[in-house]
Each structure stands twice: as structure tokens, then as C-alpha cells.
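Encoded as C-alpha cells, the structure appears first; notes follow it.
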Amino acid sequence: MIGGHAGRPPSDLTLDNWQTAPHLSWSFQHIADLFPTATISRGTGPIAPLPTHRSLLADVAVRLHDGSASSVGAVMAATDTDGWIVLHDGRVLAEEYPRGMAPDACHLLMSVSKSLVGTVAGALVATGTLDVDQLLSHYVPALAGTGYAGATVRHLLDMRSGIAFSEDYLDLRAEVRRLQQAIGWAPRQDPTGAATMYDFLLTLRQKSPHGGPFEYRSSETDVLGWIAEAASGVRMPELMSNLLWSRIGAEFDANIGVDSVGTGMFDGGVSAALRDLARFGSMVLNDGTSLTGEQVVPVSWIRDTLAGDADSRDAFAACPVDNGMPGGMYRNQFWIPYPDSTVLLCLGIHGQMIYLNRAARVVAAKLSSWPMPQDPWKLSTTIRAFDVVAAHLR
């Protein structure tokens, strides 16, 4: 069994099954009751107001990929939604918790965490603390003896290192699952294997030249977090609080899962409230300025995220697996799904999402508990629903 008495874990919850149905929805809202976590403080600043002007967005018609008729509300119901919210020009038009999640609940973000860490990196770049073209071994000399030797910070931000790392969530032998074993989020299959996040990252090896095609690897964000900590001299919970969470007008503290020595799971371990995801998204939408008026990251960082490099889209197209986003790219830990840069996405397995539509001035966020880690239909259908909402409001 895992967890203690706080939060009353289901009696049959174990380290083996907490990420499976029917436990997902409960587990994702109680990570701090199950595992060691560190607080990401909202600080003492003002809460960014979210004025409400309710609109019947759930009734907006959606034409699905197969041509059938649906609605935004039906799409949310069909995609295991724990909570969803839509902002237009900073006003809440819809906020729903279909399965009883409390508005102040900290829900696991999975890989939406990556975009938060990428934004922290952007803030460090802005102060000159981090150089995107610098070798990783400049900040963490131990990486010189690993597969990351010769890789740069830019390679991490865009997931273009040549590291060997399988993201097959259904394979217990895959690196992404071995990483979870190292931090204590899954039963250890090899008692002699790495027992901390950083020890695990030191075992990774290179399979191809750095700077090649995009390939989604959670390890890139974990190394990025390590680099950010080394460059700043501050552990990530405090660093993210100082540079991001305390500056977006967050209403609630967030938290991050940590390993046995206190290192964060940077690639997918942050939990936060739905409304605060909308505040984060609004900051990105507003060129790095939060709803409280603070410049969290420079306009230049947001513009760089939207523009990418000359070869970013070609590198994305050359990915060895189909990303389902023809013409898109990946930049600074954000997904840009279309050939233009109107829409940005933050995505996490089991259905976590922040959707930003710059042309329509729409921010949407969705927290979910899909039974399977990846579900192409649920992902594409959710994006389609938010695209329709943006078109409707625009």
C-alpha cells in the first residue's frame, strides 16, 4: 500500500495501480498524500482577478473528425474531464468540474510541468544566468561523462538531443518508466538500478548526433531542471516560486513530487489548481506579462517560442514517430501544433492541457484522468473543441 491517512486513499491503492483506472482521478488530485512533495509557494503578492461572465460554451456545436455532430460539453464528458476552464481576454466564460473536483484541488499536471520548467529557464536566460547555447557540462560537469556530453541547453529546450530514451509508457522497461522507479513513483524492477533522479540521468547514453530531429524525451526536461538549479544555485520549488508562481497572481500554492534526496520530478511532477493554469496561460498569451502586470519573461522569449529556428519545423517533421501535428513544431517546452503560430499547447499524458489561441485571445485549460496515458482521439477531439470555442469567440 502507499499513502497515509491524509486524504483517505482507496483501500486497494498500491504503488502498482495508482496510475490506472479506476484510481487515476483520485490519485491525480492527491499526489501530496501519496508521495513526498515540495511546495511551490504562490508568495504573498496579489491574486490575479478572474472576472466571470458566464457563457453557454458547453452548448457550442463541434463537428468531430468523422463528421458526426457533437458539442463542447459532450467532448468534455467523453474525455474523462476532471475540470475545464475558458478565458477570453482575461474573463472566465466557463469553469466546470464535471466529476466533483474542488476548485482549489492540486491536480497532477504530468507533462504540462515541462512548459512551467521551460518558462523558468526563459526567466533565467533573461537575467543572463543561463545561456541557451552553452554546453550542459558547463553547468553540471558530471554530464560530460554521459550521453549528454556535447549537448547544449537549446537541445534540451527543443528536445533535439541525440539521447536514447524511450517514451513508451506501456513498457515497464522503457526509460520513462525506469525514471519513475528511480524517484519512487513505481516499484523498482532492478534493486541495483538508480535510486534518485540525477543518478538515473547519469546513466543515459547517446544514440545519434545532438541537434538532429525532434524526439519527445522526458529526460530533456529533467536535465533542464538540473541545469537551472545548478546555474541559479536554487532548488526548483523555490526557483519556480520566485521566478514564476509568485509572479502570475496564482491563487494557490502548487507542489512538485520529489525523490528520496529532494530532487523534483521536473518532467511531470507538478500539481496545481485549474484556475492557476489559466493564469499561467494568460501570462504567455500576454507576451510574458501576468494578469497582475508583472513581466515574468521577456517578450523576446515568447516571440522566440512562437518563431522557432529556421529548421524547427523540419526537425519536428523528421521525428521518428508521427506527432499528429503536421506542419507544427516544438520550442522551449511548448507544442505549436499548426503551420502558423496562432495556437500553443502545454500537454501531459492522461489528458492534461493548456490551450492558447493568440488570434482569438482565448486561454483554455483541462485536467483529466484518461484511463490510458495516450489517446489520440481524445487529444485531437479536445483540441478541436477548443479551436471551435476560439472561432466562436473570435
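When the range 187-225 is examined, which residues are found to be over 20 Å from Asp309 (Cβ atoms), in contact with a strand residue (DSSP E or B) (Cβ under 8 Å, 6 or more places away or on another chain) and hydroxyl-bearing (Ser, Thr, Tyr)?
Ser219
Looking at the range 191-201 only, could you name the residues that are surrounded by fewer than 16 Cβ atoms within 10 Å (Cβ to Cβ), assigned to a loop (DSSP other than H, G, I, E, B) and touching a residue at least 12 places away in the same chain (Cβ under 8 Å)?
Across the range 191-201, the qualifying residue is only Gly193.
Need pairs with beta-carbon distance below 7 Å; first residue in contact (Cβ under 8 Å) with a residue 60 or more places away in the chain and part of a loop (DSSP other than H, G, I, E, B) and within the range 361-380, second crowded, with 24+ Cβ neighbours inside 10 Å and of a type in the set (Phe, Trp, Tyr); sequence gap 6+ or separate chains.
Going by the 7 Å Cβ cut-off, the qualifying pairs are Ser369/Phe28.
Show me the strands (runs of 3 or more DSSP E) entirely contained within the range 246-353 in which 1 or more residues are modelled with pLDDT of 95 or more and either farther than 23 Å from Met101 by Cβ or in contact with an Asp or Glu (Cβ under 6 Å, 6 or more places away or on another chain) (or both).
Per the criteria, 329-331, 334-336, 343-348.
Look through the range 46-56, keep the residues that are exposed (fewer than 15 other Cβ atoms within 10 Å of the Cβ), in a loop (DSSP other than H, G, I, E, B) and of a type outside the set (A, V, I, L, M, F, W, C), and return whichever of them is modelled with the lowest pLDDT.
The qualifying residue modelled with the lowest pLDDT is Arg54.
In the range 16-29, what count of residues is obtained for those that are in a loop (DSSP other than H, G, I, E, B) and either touching a Leu at 6+ places or on another chain (Cβ under 9 Å) or of a type in the set (Ser, Thr, Tyr) (or both)?
Total satisfying the criteria: 4.
Return yes or no: is Ala278 buried (at least 22 other Cβ atoms within 10 Å of the Cβ), touching a residue at least 40 places away in the same chain (Cβ under 8 Å), under 18 Å from Thr37 (Cβ atoms) and in contact with a strand residue (DSSP E or B) (Cβ under 8 Å, 6 or more places away or on another chain)?
No: the conditions fail for Ala278.
Of everything in the range 298-333, what is of a type in the set (S, T, N, Q), farther than 12 Å from Tyr216 by Cα and crowded, with 21+ Cβ neighbours inside 10 Å? Give them in sequence order.
Matches in the range 298-333: Thr305, Asn332.
Considering the range 82-99 alone, what residues qualify as being more than 20 Å from Thr382 (Cβ to Cβ) and either under 19 Å from the mean Cα position of the chain (by Cα) or part of a loop (DSSP other than H, G, I, E, B) (or both)?
Asp89, Gly90 - these are the residues of the range 82-99 that are more than 20 Å from Thr382 (Cβ to Cβ) and either under 19 Å from the mean Cα position of the chain (by Cα) or part of a loop (DSSP other than H, G, I, E, B) (or both).
Among the listed residues Ala254, Ala230, identify the single one that is buried (at least 22 other Cβ atoms within 10 Å of the Cβ), out of contact with any Lys or Arg (no Cβ under 6 Å at 6 or more places or on another chain) and aliphatic (A, V, I, L, M).
Ala254
Quick check on my filter: what residues within the range 344-394 are surrounded by 18 or more Cβ atoms within 10 Å (Cβ to Cβ) and among the hydroxyl-bearing types (Ser, Thr, Tyr)?
Hits for the range 344-394 are Tyr355, Ser368, Ser369, Thr381, Thr382.
Would you check which residues across the range 62-81 are touching a Gly at 6+ places or on another chain (Cβ under 9 Å) and either of a type in the set (A, V, I, L, M, F, W, C) or not in a strand (DSSP E or B) (or both) and list them?
Thr79, Asp80, listed by residue number.
List pairs: first in the range 209-224 and surrounded by fewer than 22 Cβ atoms within 10 Å (Cβ to Cβ), second assigned to a helix (DSSP H, G or I) and of a type in the set (Asp, Glu), Cβ under 9 Å, 6+ apart or cross-chain?
Pro213/Asp314
State the number of residues belonging to the range 187-225 that are acidic (Asp, Glu) and farther than 22 Å from Val132 by Cα.
The number of residues fulfilling the criteria is 2.
Considering only residues that are out of contact with any Leu (no Cβ under 8 Å at 6 or more places or on another chain), in a loop (DSSP other than H, G, I, E, B) and crowded, with 19+ Cβ neighbours inside 10 Å, which ones fall in the range 155-184?
Asp158, Met159, Arg160, Ser161, Gly162, Glu167, Gly184
The values are calculated or read from the model by the stated rules, or taken from the named source; none is laboratory data. Just so we're clear, the structure is a prediction, and the values are computed from it rather than from any experiment. Neighbour counts run over all protein chains shown; Cβ positions are idealised from the backbone, glycine included.
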